Amino acid sequence: MFWRHQPGAIGWGMAETEVVRGERSAESVSGRLTMLVCMSMAAGALPIPILPGRILRQLRGALVFDVAGRYGLSLTADARSALVGPVPQDRLRSLLRTGIEIALRRLLRRFVPFAPLGAAATAFEVYALGHLLERYVRSTRRRATLRIQTDEAAALRRAIDEATLRAFHPETSPRPLLLAESAEDLRDEFTRWLDTVVLTGASLPNYVERRLDAAFDEIAARSAELTRGD
């Protein structure tokens, strides 16, 4: 980002077309996304109406600010709202959804094994927002400008929401995971089977992440707003 005096302008200013991408460290703080996801899960479990939504909005806002800032990008206030809240034309649907979620939360609370599902779904949405936003600014975004405007943010939000659902679609094909093999396997058959079960379960988060990536890449490639350059 740099400042330049514009001939004929009063004082110093930063023209929108001058805000271009510069060198910036993109090192993330270890565990921050995980903590935000856990906080969103806790907020989603609150039985108080309205309050969980406000907390989640703040958590999502802090998340997108962190990701954008690490890549030297900024968000306008409207762009941040587009990423963390319902788009204007969906406010009625959002209110209806909130009411349904509250009713379901009260119903599911009677069935202990199913009670955490709503909070887990909310936490997954927060994770998808942080992970896919970073994937977008790191690999997909072609614009040279540092400021993310409302149109771009709205298109990105739609792509992330769609990818979150499409990740579980049978037609979504994640990239294959290539694992190195040991030079010599000295395990007996039973130990080998147990290790396979344990490692397969431990690899589930990575599998879901790869499905998210595949779904988002496919959706973003079809979006003229997300793939256009300046």
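I need the calculated FRET efficiency for the pair Leu178 and Cys38, taking r as the beta carbon distance and R₀ as 25 Å, to the nearest 0.05. Intermediate values should be presented prior to the final figure.
Working: r = 30 Å, r/R0 = 1.21.
Efficiency, rounded to the nearest 0.05: 0.25.
Tell me the Kirkwood hydrodynamic radius of the range 136-230 in angstroms, computed as one over the mean inverse distance between distinct C-alpha pairs. Walk me through the intermediate numbers first.
Working: mean 1/r = 0.0625 Å⁻¹.
One decimal place: 16.0 Å for the Kirkwood radius.
Have a look at Ser203, Ile219, Ala180 and report the one farthest towards the positive end of the charge dipole of the range 177-226, computed about the Cα centre with Cβ charges (Lys/Arg +1, Asp/Glu -1).
Checked the options; the winner is Ile219.
Read-outs: derived from the displayed coordinates by stated rules, not from any lab. Keep in mind the model is a prediction, meaning the values are calculated, not measured. Quick reminder, even Gly has a Cβ in these numbers, built from the backbone with ideal geometry, and neighbours come from all protein chains shown.
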